[in-house]
Structure formats: C-alpha cells, structure tokens
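Participant: Dumping the structure here so I can ask a few things about it.
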Amino acid sequence: MNKPKIKNLTEAADRIRLAVKNNEKIIIYGDSDCDGITSTVILEEAIKTLGGKVDMVLFPNREDDGYGVNARALEFLKNVPKGLFITLDLGISNQAAVKVLNGYGFSVIIVDHHQILDGIPAAEVVIDPQQEGDESDSKHLANVGITFKLAEELLLRPSEASGEGGGMSHNLRNSFLELTALATISDMVPQIEDNKMFIEEGLRSLKNTFRPGLRAFLDILGEGEVLSGGFYKLISALNAAESIDFKNESYDLLTCSSRGKSMELAQDLISKTNYKQLKIQEITKEVERRIAQKKDEIIIFEGDPAWKLLLAGPVASIVYMQYNKPTFIFKKGDAESSGSVRSPKGMDSVKAMKSCKDFLITYGGHPQASGFRVKNENLERFKEGLIKHFKNLK
Ligand SMILES: [Mn+2]
C-alpha cells in the first residue's frame, strides 16, 4: 500500500495554484543555506512553469539579523504589497512572526522540516513532516526533498493559466533532481529511501546539466573531479554566500542564464569558500586550545566576539566529531550571543535546549544539528542547564 502523502502537501499546492490563478503577489522567503536556496529555486521555477510568477524572493542575513523570519524582515514586509508569503526551510518556530504577517494581511504557507517546539504557527497551510498527524514516510527529507514533492504536486494537473503541467517534463525533473541531490547531501540527512533516489538520480543528471550556474562549477572545478566525489566543493561554495539586503549570491548564480556572469559568480563563491575554510581551521584550533584544560567537562561550550556566526556550524561539526561531545560554538555579541550546535547520535540537542528554554531567546533545529540565541547574562546558566541535562542522560 502506498504511504500517505506529506500532510498538507495537496493543500499547499492548491493554495499556490489559486494564487497564480488570481494573480496574487507571491513572496518566497527561504533560508540562506544550500537547502533553503535550492528549495527557493525549485519552487519559483515550478510556479513559473504553471504560468505564474514570484514577485519577490528574500533571504535573511543570519549573521546580523538572526535565523528565520526575523525582526528586520517584518519591518521590511510592512511596506510591500500583500499576497501569498511562502517560507522554505524555516518558519516552523516563528509563531510570533507569523501572527505579525497575518496582521499585515499576508496569507502564509510554511514549508519546513525542522523540529516542532511549542506548537505550530497559525499559518494558512503548514507543511512539516515532523508535525503531528503527518503519516508520510518523509520524516528525514531535507527541505529541498519536500519542495521537490511540492513541485510534483503543483505540476500534477494542467494549469488553467498556461495549459502546462500534467506532470513534470523529463528535463525539468532532472534539473530539479540535480538541486535536490546537492542540498540533500548538504543538509546531512540520512541517505536512505527517497533521499538515496534523489542523490543517485540527481548526481547522474549533473554532468549534463542545463543550468549555467552548475555548468560553471563543473568547468572551474573540473567535471571529472566534481562527479567523482568533488561535489562537496560545489556544495560548500553554494553555502559560502552571505545574504545581504535579502539577496543571496548562490541564488543569483543558480538562476543566472548568462554563461559569462555564471563563471564570475561561481569563481567568487569558490574564493569565498576557500577563505572560509581557512577561518574555520583557525577557530577550530582556538577551540581545541581552550578545551585542552577542560577535559572533564561533558559538553563543549565556547564563544568569542571575533568569531563569525556563519562559521560556528562548520567548526562545531569538526569539533564534536573529534571529541564525541555535544558542542556549542557561538559568536558573542554586545548583549546577545548566537551559536550553532552539533551533537553525537543519541544526545538530542534540541531536547537539551528545551530543558533550558527559560534562559534562551530562541532555539531550534534537528536533534544532531541546531542553533540558539541567548542573552549574555544567561550564558553561564544556559551552560549549567545543559551540563545538568546531559549528566542526567548518562
Ligand atoms: Mn534544511
């Protein structure tokens, strides 16, 4: 028997089709990493194939403004024409922000795959395979995998606007699979079931890609090298873009139709990722120097005003694997600190932070990879709470 579809997948597709039919403004707000960016590209191209158009595509500056639908985004959205607002790879923890958006007059669709914390936002449609009542076998999809299925659902029936649809064309499907493969790998979700299929089919299609942005990477990095496992370089380049004024360079690259401009953008992203790698090594060394004196502590909890938040995740990834301890790496700001968490299997970092949520401004993510924001005056209490939580697990 077929497993049920992702909860609300059909509802979201119907609502998007209605928006296209009625010429509503459509805004996509995607996360600024490979998963969020590729999700955005796929959904926008699916909507175009339907004969519709996306009026605005926005990405948050995580470093300066915070993860998710942040205060700066709400300020900006106050003054734009209202319509359908779709979040990709974020939004499930933005209950307060969704209330504000509803108040502005937006219809909100959330498409996310992160864990549900305290209930779900009051959006018109919420897709998140982690939510209650979702009986699908899609619990371990990256957001891009969910978006791929949403695109399939959208293009299932011929569109009234364009007469197109009735299934995805072979070329469009392959093009979406290429992006889905890259972001599924990037998001480090288990490579099983649908994820395995996405990766195999997507990487197979990559060498014949029609997308100038991906072609440019193959040309610069070397096609043979990329296809024999070097796609990690490509993925880290796509993750190296920072979003400034809600724009993102990787998105620009993946949607660029000019070959010359694509080569320029790809080269720039590769330089950025090389520089980023150097910085990651520097910070990792500093963390290792500091924890050499703290061998008895059961977690790693280090921060610094000079560290970039964008690098906290990659540093935490290296350190936790080396020491097999829950690892919290943060940028210490003037009044608040923001950080990334990586945790060994069986040690749920989201649950751990939930046990200290009174000290936190926000937190969320996946059991093994998550993030947080905390007032500096609560840093010590937060750390003690975490230690207590993980000690009780033993
Ligand atoms: Mn994701």
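Participant: Could you work out the helix-only [θ] at 222 nm for the chain, with each DSSP H run of four or more residues adding -39,500 (n - 2.57) and the total divided by the number of residues, to the nearest 500 deg cm²/dmol?
Facilitator: For the chain, the value works out to -15000 deg cm²/dmol.
Participant: From the phi of every residue in the stretch 141-152, what ³J(HN,Hα) in whole Hz does the Karplus formula 6.51 cos²θ - 1.76 cosθ + 1.60 yield, where θ is phi - 60° and glycine or proline is x?
Facilitator: 6, 6, 4, 5, x, 5, 5, 4, 5, 5, 5, 4
Participant: Could you derive backbone 3J(HN,Hα) for the stretch 361-375 from the dihedral phi with the Karplus parameters 6.51, -1.76 and 1.60 (θ = phi - 60°), listing whole Hz in sequence and x where the residue is Gly or Pro?
Facilitator: Karplus values, whole Hz, x for Gly and Pro: 7, 8, 6, x, x, 10, x, 9, 8, 8, x, 7, 9, 8, 6.
Participant: What does the net charge come to around Glu223 if you take all other residues with beta carbon closer than 12 Å to its beta carbon, with K and R at +1 and D and E at -1?
Facilitator: Net of charged neighbours comes to 0.
Participant: Amide H to amide H under 5 Å from Glu336: which residues, 5+ apart in sequence or cross-chain, H placed 1.01 Å off N in plane?
Facilitator: Long-range HN contacts for Glu336: Asn376.
Participant: Name the long-range amide H neighbours of Lys7: under 5 Å, sequence gap of 5 or more, or other chain; modelled H, no Pro or chain starts.
Facilitator: Placed amide hydrogens put Glu135, Ser136 under 5 Å from Lys7.
Participant: Counting Lys and Arg as +1 and Asp and Glu as -1, what is the net charge of the other residues whose Cβ lies under 12 Å from the Cβ of Pro121?
Facilitator: -3
Participant: In whole Hz, what ³J(HN,Hα) sequence does the stretch 199-208 give by Karplus (6.51, -1.76, 1.60; θ = phi - 60°), x for Gly and Pro?
Facilitator: 5, 5, 5, x, 5, 5, 6, 4, 5, 10
Participant: Do you know the relative contact order of the chain, to the nearest whole percent, from alpha carbon pairs under 8 angstrom that are 6+ apart?
Facilitator: The normalised contact order for the chain reaches 13 percent.
Participant: Please state the charge dipole magnitude for the stretch 44-133, taken about the Cα centre, from unit charges on C-beta atoms (+1 on K and R, -1 on D and E), reported in debye and rounded to the nearest 20.
Facilitator: 360
Participant: To make sure I understand, if each residue's beta carbon is the centre and we count other beta carbons within 10 Å, what order do Phe246, Phe382 fall in, fewest to most?
Facilitator: Phe246, Phe382
Participant: What is the packing order of peptides 370-380, 23-33, taking the mean over residues of other C-beta atoms within 10 Å and listing the highest first?
Facilitator: Per-residue mean Cβ counts within 10 Å order the peptides as 23-33, 370-380.
Participant: Given the stretch 138-241, what whole percent of its Cα pairs are spread farther than 21 Å?
Facilitator: Everything past 21 Å amounts to 37 percent.
Participant: Please compute, for the alpha-carbon atoms of the stretch 9-182, the extent along each of the three principal axes and give them in descending order in Å.
Facilitator: Computed over the Cα atoms, the extents are 40, 34, 30 Å.
Participant: Just list whichever of Lys5/Lys207; Lys82/Lys272; Lys7/Lys354; Lys233/Lys383; Lys295/Lys332 have alpha carbons separated by over 29 Å in the model shown.
Facilitator: Beyond 29 Å: Lys5/Lys207; Lys82/Lys272; Lys233/Lys383.
Participant: Can you give the net charge of the other residues whose Cβ lies under 11 Å from the Cβ of Glu44, counting K and R as +1 and D and E as -1?
Facilitator: 0
Participant: Something else about it: Tell me the volume per residue, in Å³, of the convex hull enclosing the alpha carbons of the chain.
Facilitator: 143
None of the figures in this text is laboratory data; all of them are computed from the coordinates on show. As the structure is a computational prediction, the values presented were derived from the model and not from experiment. Positions of Cβ are backbone-derived with ideal geometry, glycine not excepted, and every protein chain shown enters the neighbour counts.
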